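Engineer: Let me begin by handing over the structure; questions about it come next.
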Amino acid sequence: MSNLHIACDHAGFTCKEELKTSLHAALADLGLTVVDHGTNGTESCDYPVFAEEACKAVEAEGSMGLLICGTGIGMSMVANRHQGIRAALCTTELHARLARRHNNANVLCLGARMTGIELARAIVLAFFSENFEGGRHQRRIDLFSK
Ligand code: RB5
């Protein structure tokens, strides 16, 4: 089993909770244990605070993450400032599959105000089910990694 570090802001809170509850068993089947870094309510808060906690854990462990804000944009900006993180903001299942296969993304970002819960569920399952293809895609990642 490895950890899946998740975090959200107030805009992503309901989505985070719904995904945690409804995908608990499916994520466990994929070998993932959810570690929740908050936020824990709908009171207005600052997404970088919660993104940082989850991203530090992903980097330290070489594990994976799921970050949810209103658009997914703020979370992806914060996450991609980390050297060990390749975060992908996904709005379709195909984005999710290709982010894993081609970009070896290790953090999935979702926009709870943009993406309905059913689609969000499908995107999460697609992302964490896929594997990196390596080869030419690794060469391209090496070109922008320090
Ligand atoms: C919060 O209102 C909103 O700005 C935030 O959730 C996110 O969308 C930022 O990128």
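Engineer: Of the residues Ala122, Ala126, Ala88, only one is within 20 Å of Leu19 (Cα to Cα), touching a strand residue (DSSP E or B) at 6+ places or on another chain (Cβ under 8 Å) and hydrophobic (A, V, I, L, M, F, W, C); which? Reasoning before the result, please.
Structural biologist: Details: Ala122 fails: touching a strand residue (DSSP E or B) at 6+ places or on another chain (Cβ under 8 Å); Ala126 fails: touching a strand residue (DSSP E or B) at 6+ places or on another chain (Cβ under 8 Å).
Being within 20 Å of Leu19 (Cα to Cα), touching a strand residue (DSSP E or B) at 6+ places or on another chain (Cβ under 8 Å) and hydrophobic (A, V, I, L, M, F, W, C) holds for just one of Ala122, Ala126, Ala88, which is Ala88.
Engineer: Something else about it: Could you list, ordered by first residue, the pairs with Cβ atoms under 8 Å in which the first is in segment 115-144 and more than 21 Å from Gly84 (Cα to Cα) and the second is among the small types (Gly, Ala, Ser), at least 6 apart or interchain?
Structural biologist: Thr115/Gly72; Ala120/Ala112; Arg121/Ser22; Ile123/Ala96; Leu125/Ala26; Ala126/Ala96
Engineer: A follow-up question, please. Within segment 10-35, which residues are surrounded by 17 or more Cβ atoms within 10 Å (Cβ to Cβ), farther than 15 Å from Val107 by Cβ and not aliphatic (A, V, I, L, M)?
Structural biologist: Scanning segment 10-35 gives His10, Phe13, Cys15.
Engineer: Given (1) surrounded by 15 or more Cβ atoms within 10 Å (Cβ to Cβ); (2) under 21 Å from His10 (Cα atoms), where does Ile85 come up short, assuming only one miss?
Structural biologist: (2)
Engineer: Suppose we filter Leu143, Leu98, Leu67 for residues that are of a type in the set (A, V, I, L, M), over 19 Å from Cys15 (Cβ atoms) and buried (at least 16 other Cβ atoms within 10 Å of the Cβ); which single one remains?
Structural biologist: Going through Leu143, Leu98, Leu67 in turn, just one is of a type in the set (A, V, I, L, M), over 19 Å from Cys15 (Cβ atoms) and buried (at least 16 other Cβ atoms within 10 Å of the Cβ): Leu98.
Engineer: Hey, among the residues in segment 36-69 that are within 16 Å of the ligand (Cβ to nearest atom) and aliphatic (A, V, I, L, M), which one's farthest from Asn106 (Cα to Cα)?
Structural biologist: Filtering segment 36-69 for residues that are within 16 Å of the ligand (Cβ to nearest atom) and aliphatic (A, V, I, L, M), the one farthest from Asn106 (Cα to Cα) comes out as Val49.
FYI, it's all coordinate maths here, none of it is from the lab. Note that the coordinates shown come from a computational prediction; the quantities given were computed from them, not determined experimentally. In this analysis, Cβ positions are derived from the backbone assuming ideal geometry, glycine residues included, and neighbour counts consider all displayed protein chains.
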